[in-house]
1. Only residues that are assigned to a loop (DSSP other than H, G, I, E, B), away from the ligand (no atom under 16 Å from the Cβ) and more than 16 Å from T200 (Cα to Cα): list them for region 28-54, please.
2. Looking only at residues in region 91-109 that are outside any helix (DSSP H, G or I) and touching a Phe, Trp or Tyr at 6+ places or on another chain (Cβ under 9 Å), which one is surrounded by the most Cβ atoms within 10 Å (Cβ to Cβ)?
3. When you look at A115, is it at pLDDT 95 or above, part of a helix (DSSP H, G or I), in contact with a His (Cβ under 8 Å, 6 or more places away or on another chain) and not aromatic (F, W, Y), yes or no?
4. Could you list, ordered by first residue, the pairs with Cβ atoms under 7 Å in which the first is in region 62-81 and free of Cβ contacts under 8 Å to residues at least 40 places away in the same chain and among the acidic types (D, E) and the second is surrounded by 13 or more Cβ atoms within 10 Å (Cβ to Cβ) and in a loop (DSSP other than H, G, I, E, B), at least 6 apart or interchain?
5. Output the residues belonging to region 121-135 that are out of contact with any Gly (no Cβ under 8 Å at 6 or more places or on another chain) and crowded, with 24+ Cβ neighbours inside 10 Å.
6. Within region 198-220, which residues are touching a helix residue (DSSP H, G or I) at 6+ places or on another chain (Cβ under 8 Å) and among the hydroxyl-bearing types (S, T, Y)?
7. Can you pull out every residue in region 1-22 that is charged (D, E, K, R) and more than 16 Å from the ligand (Cβ to nearest atom)?
8. Scan region 149-182 for residues that are within 15 Å of the ligand (Cβ to nearest atom), under 20 Å from L122 (Cα atoms) and assigned to a loop (DSSP other than H, G, I, E, B) and jot them down.
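The values are calculated or read from the model by the stated rules, or taken from the named source; none is laboratory data. Fair warning: this is a prediction, and the values are worked out from it, not measured in the lab. Cβ atoms come from the backbone with ideal geometry, glycine included; neighbour counts cover every protein chain shown.
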Amino acid sequence: MLFDTHCHLDAAAFDPDRDAVWARAHRAGVEWLVNPAYDLPSCRRAIDLAGQHAHIYAAVGIHPNDCATFDSDLPALRALIGQPKVVAIGEIGLDYYWDKTAPAQQAAAFVAQLALAREFNLPVIVHCRDAYDDTLALLETHAQGLRVVLHAFAGRMEHAERALAQGWHIGIGGPVTYRKAENLREVAGAIPFEQLLLETDSPYLPPHPHRGRRNEPAHITLVAESVSQVRGVSFSRVADATTAAAMTFFGL
Ligand SMILES: [Zn+2]
């Protein structure tokens, strides 16, 4: 059984066939799914979706690209944290690729949400793009003792090692299957199983050979397959270990 720890099943891309997508994931062995959010409307959609399916859970948070109105969003966000099936804060972090909000503003929203995670004793799903050094520095200062996953990890081995040394988790998704992703496969082979989470980030980041199309949670089997090859262990060993790690991480 597999756990897709990061899937935007609430996305409009799934409006035509969401139930069929989830049924297909189920047939592929995906038993659990966490739907993260990026702004207040997606927080509410994630909570709604989780309310409809036994094994779908929600994460709530304001993404760095959507944090321009963070201060005015904060009271509503805080109120959503107590909703049923909210199991994490996310996705939050830093994104220097899309320059929609100033780095200082992103950092302020990130730090404020790390404090929320501590207050509510919830794990944190971290989005990081082109900002690993600053993200890790903020986490090392403000996330000591928290459960943290660096989702869709795309950093270097030294970044992975810094996160692992803190006991944090690393999320591996579709890019691990890409032909040129030798560095990422090396990271995926080095993460202790207890700190390794699998994800699809659907509808984004489709694994090979689905690149250029909509990703979906059933494709997590290709991620697990790639990780099993890198580590030289069976598919079921990867599935069991990463599902167990995810259950512990999300407190399920
Ligand atoms: Zn995401």
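1. H53, A54
2. Quick first cut of region 91-109, residues outside any helix (DSSP H, G or I) only: 91-102.
In the following step, the residues that additionally are touching a Phe, Trp or Tyr at 6+ places or on another chain (Cβ under 9 Å) were identified as 91-94, 101.
On the way: E91: 29, I92: 31, G93: 28, L94: 25, T101: 20.
Of everything passing the filter in region 91-109, I92 is surrounded by the most Cβ atoms within 10 Å (Cβ to Cβ).
3. Values: at pLDDT 95 or above: yes; part of a helix (DSSP H, G or I): yes; in contact with a His (Cβ under 8 Å, 6 or more places away or on another chain): yes; not aromatic (F, W, Y): yes.
When the stated conditions are applied, A115 passes them.
4. D66/Y38; D66/D39; D73/I62
5. Hits for region 121-135: nothing passes.
6. T200, S202
7. D15, D17, R18, D19
8. Within region 149-182, H151, A152 qualify.
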